[in-house]
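K.L.:
I'd like to ask you about the structure that follows.
The values are calculated or read from the model by the stated rules, or taken from the named source; none is laboratory data. Computed from a predicted model, the values in this text were never measured in an experiment. No Cβ is skipped: glycine too gets one built from the backbone with ideal geometry, and neighbour counts run over all protein chains shown. The protein model used for the area step is the full one, side chains on, heavy atoms only, and it has no ligands, DNA or RNA in it. Shrake-Rupley method; radii C 1.70, N 1.55, O 1.52, S 1.80 Å.
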Amino acid sequence: MKIKPFKGIRPPKDVVEQVQSRPYDVLNSEEARAEAQGNEKSLYRIIKPEIDFPVGTDEHDPKVYDKAAENFKMFQDKGWLVQDDKEQYYIYTQTMDGKTQYGLVVCAYVEDYMTGKIKKHELTRRDKEEDRMKHVRVNNANIEPVFFAYPENGEIDALVAKYTAGQPEYDFTAALDGFGHTFWVINDEADIRRITELFAAMPAMYIADGHHRSAAAALVGAEKAQQNPNHRGDEEYNYFMAVCFPANQLTIIDYNRVVKDLNGLSDEAFLDRLSKHFTVEKKGPEIFKPTRLHEFSLYLSGNWYSLTAKPGTYDDNDPIGVLDVTISSNLILDEILGIKDLRSDKRIDFVGGIRGLGELKKRVDSGEMKVALALYPVSMKQLIDIADTSNIMPPKTTWFEPKLRSGLVIHKLT
C-alpha cells in the first residue's frame, strides 16, 4: 500500500471544539442547522453549507457548493483553520464505552483505489458519488476523511503507543455522543519513514466506512491527473485523506430494519410463513436482542419473537450466504414481504444499532411501522472475507461506531 504524510489544515487548539462536527452524511440539513446555531466556526458551514441559506434551499444547488468553498477560504483567512508547515502523519483515537481505537491519519494513493488494492464491500450510487465529487472539486480538498481498516501490525501499534503516551494536540469529549476524541502529531522523520515502509508491505486496506467519499476522492484525483498535461504522478491530488485503524480494534454494530406493512398478511399468517425457514419463539413484551449468528429478533404488535434460521437456509462456506442480512433479505423481506430492492423500496427503513432496539419498538408502537427486525452484527472477519473475494455486501449491512469527527484535519489537493 502506498501512503504519504501531508501538510494538514487544522484548527488551533482553542477553537477545535467549535470547528469539529459529525460527518456530513449522518444528519440532515435541519439537524446541522440546529447544531451549528450561534457557532460561526462550525464545520457544517463547509460540509453542509445549505445551512447558510433559507430553509428548503436545495443542497445540490451550484451556489451551495460555491458557498462551501467561500466558507473554507474564510475559515483559513480568519485563522480557524491553519496549514501545518511540514508533511506529517497524525494519530486520531476514539473512545466509546471505555474502549479506545487508534487510527493513523494518512494520505492514501488514488491508484491503489483504482486497482482494487483498497478493497470495498459495498456498491456506491452514482448520484451520491457525484455530490461528493463536486464538494472535493470546489474546495480542492478532502474536507472529511474516509475510514479504513488495515491488517493489525505490532510495530505500527508500538509506534502509535510511543506518541499516545505523550501530550495530545486535541483532547475532548463530544457533547452529543459522549465519546472521547484525541489527536497527536507524528513529526519525527524516522518514524514517518518507517510508517510509510510498514504500510508499503501490506497487501491491502479495507474501506470500513465512507465508500462514497472514497470513490469521490479517488475519481477527482484521477480526473485531475487526466487534465494536467504535465502530470508526473507525485502531485498532491494523487492522494486522499484516510484514517486507518487496525482491523482487530474495530467494532461493527447491528443495522436493523423496520417495515411499514405485512404485505397483506395477518400477524398469524406472517408468523406461520416465517416458521417455514425459522424456528419462531414468542418472547413477550420485554426487548429481546439476538445473541448469536443466524438468530434474529422480531417485534410485532407489542411482542418480541426470536427467529432462528433452520439448517439448510444458509451456507456458512459462502462469504455472502453466511450473512444474516442475506438470510433476512431473501427469506423474510423478499419471499414474504415482497421487498425486492432494499435501496429503492419505500416500505422499508433502516436503523443503526447505536439507537438501540427501543428505537425499533418506538417506531412500531407509534403506528409508523408494522414490524421490526433486529440482526446480529457482522464481524470484521466476515467483512474482510467479502472484500477479499471481491464480493459485495447487501445494502445497509454494517454500522461502525464511533463515527469519525470531521474538522480535526483537512487535506488540500495542491
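K.L.:
Please verify whether segment 74-84 includes one or more residues that are in a helix (DSSP H, G or I), among the aromatic types (Phe, Trp, Tyr) and open to solvent by less than 80 Å² (accessible area, probe 1.4 Å).
P.N.:
Within segment 74-84, the subset in a helix (DSSP H, G or I) is 74-77.
Retained after the next criterion (residues that are among the aromatic types (Phe, Trp, Tyr)): 75.
Retained after the next criterion (residues that are open to solvent by less than 80 Å² (accessible area, probe 1.4 Å)): 75.
There is at least one residue in segment 74-84 that is in a helix (DSSP H, G or I), among the aromatic types (Phe, Trp, Tyr) and open to solvent by less than 80 Å² (accessible area, probe 1.4 Å).
K.L.:
Check Ala204 against each of (1) without any contact (Cβ under 8 Å) to a residue 60 or more places away in the chain; (2) under 25 Å from Asp385 (Cα atoms) and name the one condition it does not meet.
P.N.:
Just one mismatch for Ala204, condition (1).
K.L.:
Filter segment 61-79 down to the residues that are of a type outside the set (D, E, K, R) and within 26 Å of the chain's Cα centre (by Cα) and list them by number. Before you say what the answer is, go through the steps one by one.
P.N.:
Going residue by residue through segment 61-79, those that are of a type outside the set (D, E, K, R) are 62, 64-65, 68-69, 71-72, 74-76, 79.
Residues satisfying the conditions are Pro62, Val64, Tyr65, Ala68, Ala69, Asn71, Phe72, Phe75.
Okay, residues lined up against (1) under 30 Å from Ala149 (Cα atoms); (2) in contact with a helix residue (DSSP H, G or I) (Cβ under 7 Å, 6 or more places away or on another chain); (3) of a type outside the set (Ser, Thr, Tyr):
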residue	(1), (2), (3)
Glu31	yes, no, yes
Lys48	yes, yes, yes
Thr57	no, yes, no
Pro62	no, no, yes
Met74	no, no, yes
Gly79	no, no, yes
Gln88	yes, yes, yes
Thr95	yes, no, no
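K.L.:
Evaluate the following for Asn317: is it of a type outside the set (Asp, Glu), free of Cβ contacts under 8 Å to residues at least 24 places away in the same chain and in a helix (DSSP H, G or I)?
P.N.:
Values: of a type outside the set (Asp, Glu): yes; free of Cβ contacts under 8 Å to residues at least 24 places away in the same chain: yes; in a helix (DSSP H, G or I): no.
Against the criterion (of a type outside the set (Asp, Glu), free of Cβ contacts under 8 Å to residues at least 24 places away in the same chain and in a helix (DSSP H, G or I)), Asn317 does not qualify.
K.L.:
Of all residues in segment 403-414 being in contact with a helix residue (DSSP H, G or I) (Cβ under 9 Å, 6 or more places away or on another chain) and in a loop (DSSP other than H, G, I, E, B), which is most open to solvent (accessible area, probe 1.4 Å)?
P.N.:
Applying the filter and picking the extreme gives Thr414.
K.L.:
Look through segment 21-56, keep the residues that are touching a residue at least 24 places away in the same chain (Cβ under 8 Å) and among the hydroxyl-bearing types (Ser, Thr, Tyr), and return whichever of them is farthest from Asp209 (Cα to Cα). Even if it seems obvious, please write down each step before you answer.
P.N.:
Initially, segment 21-56 is screened for residues touching a residue at least 24 places away in the same chain (Cβ under 8 Å), giving 21-26, 29-30, 35, 41-43, 45-48, 55.
Filter once more, keeping what is among the hydroxyl-bearing types (Ser, Thr, Tyr): 21, 24, 29, 42.
On the way: Ser21: 17, Tyr24: 13, Ser29: 21, Ser42: 23 Å.
Only one residue tops the list, namely Ser42.
K.L.:
With the condition kept exactly as written, say whether any residue in segment 181-198 is hydrophobic (A, V, I, L, M, F, W, C) and free of Cβ contacts under 8 Å to residues at least 24 places away in the same chain.
P.N.:
Here is the first cut: in segment 181-198, the residues hydrophobic (A, V, I, L, M, F, W, C) are 183-186, 190, 192, 195, 198.
Checking the rest, the ones that are also free of Cβ contacts under 8 Å to residues at least 24 places away in the same chain come to 190.
Yes: one or more hits.
K.L.:
Of the conditions (1) within 18 Å of Met133 (Cα to Cα); (2) of a type in the set (Ser, Thr, Tyr); (3) open to solvent by 20 Å² or more (accessible area, probe 1.4 Å), Tyr44 satisfies every one except a single condition; which number is it?
P.N.:
Every condition holds for Tyr44 apart from (3).
K.L.:
Does Glu129 satisfy being at pLDDT below 95, surrounded by 15 or more Cβ atoms within 10 Å (Cβ to Cβ) and either under 17 Å from the mean Cα position of the chain (by Cα) or not aromatic (Phe, Trp, Tyr) (or both)? Show your work before the answer.
P.N.:
Working: at pLDDT below 95: yes; surrounded by 15 or more Cβ atoms within 10 Å (Cβ to Cβ): yes; either under 17 Å from the mean Cα position of the chain (by Cα) or not aromatic (Phe, Trp, Tyr) (or both): yes.
Criteria met by Glu129.
Residues are listed down the side, and each one gets a yes or a no for (1) among the hydroxyl-bearing types (Ser, Thr, Tyr); (2) out of contact with any Asp or Glu (no Cβ under 6 Å at 6 or more places or on another chain); (3) part of a loop (DSSP other than H, G, I, E, B):
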position	(1), (2), (3)
Val15	no, yes, no
Gln18	no, yes, no
Asp25	no, yes, no
Ala32	no, yes, no
Glu35	no, yes, no
Gly38	no, yes, yes
Ser42	yes, yes, yes
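K.L.:
When residues of segment 320-335 are filtered for being out of contact with any His (no Cβ under 9 Å at 6 or more places or on another chain) and either in contact (Cβ under 8 Å) with a residue 40 or more places away in the chain or open to solvent by less than 20 Å² (accessible area, probe 1.4 Å) (or both), how many remain?
P.N.:
8
K.L.:
Can you give me the number of residues within segment 378-400 that are open to solvent by 40 Å² or more (accessible area, probe 1.4 Å), closer than 18 Å to His294 by Cβ and part of a loop (DSSP other than H, G, I, E, B)?
P.N.:
Final tally of qualifying residues: 1.
K.L.:
Scanning segment 364-377 for residues that are surrounded by 18 or more Cβ atoms within 10 Å (Cβ to Cβ) and of a type in the set (Gly, Ala, Ser), which turns out nearest to the chain's Cα centre (by Cα)?
P.N.:
Ala374
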